[in-house]
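*Asks:* After the structure tokens below, expect a handful of questions from me.
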Amino acid sequence: MHMVLRLVVPIFGPPAAGKTTLTMHLGNEPGRRVFRLREHVSEEVLAATATSSERLGWIDEFTVGEAVRSYFTAGQQDPDIHTVLLDNFPGSAAQVDQLLTTLWTLTSCRIEPIEVVTDIHTLKQRAKNRKVCHRCEHDPIHDPRLPAVPTTDDPWQCARCGGLLHPRRGDSPRLFKARLQRYHQTAIGIRTAFTDSGIPVTQLDTTNTIEGAANLLAPLLISRSASL
Ligand SMILES: [Zn+2]
């Protein structure tokens, strides 16, 4: 089997730190793909996560394991992919273990986890300001996540389709606070699971601008995905 996948970049961090924007900036280059867990689980599973705000989108480990395994089984045989960015994944220490087991079984790629960091003021400000478009992003449970770009004249009008933008559901103050708390509870475990496996975690500060942080990360992605 000809293995071509050379680099996997797990990107994790608190809500509204800029993970998705980062992957949208960096994932468009030829040879790169972005993995978003929600896009690889069934509508039934997503619907189940939406019924309880306490679950906050939590997906059971079996489903996660299957999604990651099938994605990389297909991906590592695809000659057009050398780098995969994982947007907001892994979300727990158990998911780190699942990811590493899958990658080590299938590939010999490098793994470069990035923890996106910024201060609480910036997080709250970004969560308050960011918006999504229900017309441009067809989410199976009507909970779009991708940051939408507004027109220059109207912060509530989508620059792409002209439709009305909405706040992201999970950015309501109550849910945002719960998501932030959960992140702080799980982040230590995620970092430890990587470092215990001999994989250092790089911190990337997005406080100034997310675009600037993307530019800082770009050379690392190029050098790490070069042929060994
Ligand atoms: Zn739109």
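*Asks:* Can you give me the number of residues within the stretch 93-108 that are part of a loop (DSSP other than H, G, I, E, B) and open to solvent by 20 Å² or more (accessible area, probe 1.4 Å)?
*Replies:* Residues flagged as part of a loop (DSSP other than H, G, I, E, B) and open to solvent by 20 Å² or more (accessible area, probe 1.4 Å) within the stretch 93-108 amount to 1.
*Asks:* For the stretch 165-197, enumerate the residues that are among the hydrophobic types (A, V, I, L, M, F, W, C) and either outside the structural domain of Ser92 (by TED's automatic domain parsing) or in contact (Cβ under 8 Å) with a residue 12 or more places away in the chain (or both).
*Replies:* Quick first cut of the stretch 165-197, residues among the hydrophobic types (A, V, I, L, M, F, W, C) only: 165, 175-176, 178, 180, 187-188, 190, 193-194.
If the condition is that a residue be among the hydrophobic types (A, V, I, L, M, F, W, C) and either outside the structural domain of Ser92 (by TED's automatic domain parsing) or in contact (Cβ under 8 Å) with a residue 12 or more places away in the chain (or both), then Leu165, Leu175, Phe176, Ala178, Leu180, Ala187, Ile190, Ala193, Phe194 are the ones that fit.
*Asks:* For the stretch 159-175, how many residues are open to solvent by 80 Å² or more (accessible area, probe 1.4 Å) and within 14 Å of the ligand (Cβ to nearest atom)?
*Replies:* So the count comes out to 2.
*Asks:* Moving on to the next point. Between a first residue in the stretch 108-137 that is outside the structural domain of Leu221 (by TED's automatic domain parsing) and among the basic types (Lys, Arg) and a second residue that is more than 16 Å from the ligand (Cβ to nearest atom) and open to solvent by less than 60 Å² (accessible area, probe 1.4 Å), which pairs have beta carbons less than 6 Å apart while being 6 or more apart in sequence or on different chains?
*Replies:* Going by the 6 Å Cβ cut-off, the qualifying pairs are Arg126/Ala16.
*Asks:* A follow-up question, please. I need the full set of residues from the stretch 138-158 which are surrounded by 15 or more Cβ atoms within 10 Å (Cβ to Cβ) and either among the small types (Gly, Ala, Ser) or within 12 Å of the ligand (Cβ to nearest atom) (or both), in order please.
*Replies:* Within the stretch 138-158, Pro144, Leu146, Pro147, Ala148, Pro150, Gln157, Cys158 meet the criteria.
*Asks:* Any idea which of (1) assigned to a helix (DSSP H, G or I); (2) hydrophobic (A, V, I, L, M, F, W, C); (3) within 14 Å of the ligand (Cβ to nearest atom) is the one Ala178 doesn't satisfy?
*Replies:* Every condition holds for Ala178 apart from (3).
*Asks:* Next question, about the same structure. What is the residue count in the stretch 96-133 for residues that are within 16 Å of the ligand (Cβ to nearest atom) and modelled with pLDDT of 95 or more? Show your work before the answer.
*Replies:* Step one: list which residues in the stretch 96-133 are within 16 Å of the ligand (Cβ to nearest atom), which gives 130-133.
Applying the additional criterion that residues be modelled with pLDDT of 95 or more yields 131-133.
Counting residues in the stretch 96-133 that are within 16 Å of the ligand (Cβ to nearest atom) and modelled with pLDDT of 95 or more gives 3.
The values are calculated or read from the model by the stated rules, or taken from the named source; none is laboratory data. Given the structure is predicted, the values throughout are model-derived calculations rather than measurements. Counting neighbours? That spans all protein chains shown, and the Cβs are built from the backbone with ideal geometry, glycine included. Heads up: the accessible areas ignore ligands, DNA and RNA and are worked out on the full protein's heavy atoms, side chains in. Shrake-Rupley method; radii C 1.70, N 1.55, O 1.52, S 1.80 Å.
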